[in-house]
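Remarks on the structure that follows.
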Amino acid sequence: MLRSFPRRAGVLGALVLAWCLSVPVAGCAAGDDARTTISDPAPATSSAAPTGNGADVQLVEIEVAEGQASVAADRVEVALGEQVRLAVTSDTADELHVHGYDQSVELVPGRQTTLELTADTPGLFDVELHESGLLLVQLEVR
């Protein structure tokens, strides 16, 4: 009976390791498929807009002023595979970060910065300012 315990522990350890590797881990490095631009400020909205290649994109515009986020909704529903464009204007320098997708971009005060990604992983993902920890919006990918 005691001889089977190490073998069971090895199997259990392998299962735990496999599960840990399958769970998305949030990081702070920008991914390869993030596109960023800086442009003039725009009001906070959430809508569909055309991309450069003619496909629709879910546009989420956010303004951050005095530590508060102004956005049309706390949670934005996104279809699996849809393009998402986050357009953020902040009054302070910070880093826009999308958890679960490991996408980030530096924000320049007073200028709109855009991060675009493909919502190819289902789940609920926080979009925050990395330095201040301010939660801007959640992306619900279905």
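The values are calculated or read from the model by the stated rules, or taken from the named source; none is laboratory data. Just so it is clear, the structure is predicted and the values come from calculations on it, not from any experiment. FYI the Cβ positions are ideal-geometry reconstructions off the backbone, even for glycines, and counts take in every protein chain you see.
For the range 109-142, what are the residues that are surrounded by 14 or more Cβ atoms within 10 Å (Cβ to Cβ), among the hydrophobic types (A, V, I, L, M, F, W, C) and closer than 18 Å to Ser70 by Cβ? Passing the criteria: Leu115, Val127, Leu129, Leu134, Leu136, Val137, Leu139.
Residues in the range 118-130 that are farther than 15 Å from Glu63 by Cα and modelled with pLDDT of 95 or more: Thr118, Ala119, Asp120, Thr121, Pro122, Gly123, Leu124, Phe125, Asp126. Here Glu140 passes the criteria (1) among the charged types (D, E, K, R); (2) without any contact (Cβ under 8 Å) to a residue 60 or more places away in the chain; (3) in a strand (DSSP E or B) except the one numbered (2). Each residue in the range 115-131 was checked for being in contact with a Ser or Thr (Cβ under 8 Å, 6 or more places away or on another chain) and farther than 18 Å from Arg75 by Cα, and 1 pass. Here the range 65-88 is the region considered, the condition is being surrounded by fewer than 19 Cβ atoms within 10 Å (Cβ to Cβ), in contact (Cβ under 8 Å) with a residue 40 or more places away in the chain and small (Gly, Ala, Ser), and the residue that is farthest from Thr121 (Cα to Cα) is Gly67. Any idea which residue in the range 90-104 is nearest to the chain's Cα centre (by Cα), counting only those that are hydroxyl-bearing (Ser, Thr, Tyr) and crowded, with 24+ Cβ neighbours inside 10 Å? Only one residue tops the list, namely Tyr101.
Can you say whether Val88 is modelled with pLDDT of 95 or more and in a strand (DSSP E or B), as far as the supplied structure shows? Even if it seems obvious, please write down each step before you answer.
On the way: modelled with pLDDT of 95 or more: yes; in a strand (DSSP E or B): yes.
Answer is yes for this residue.
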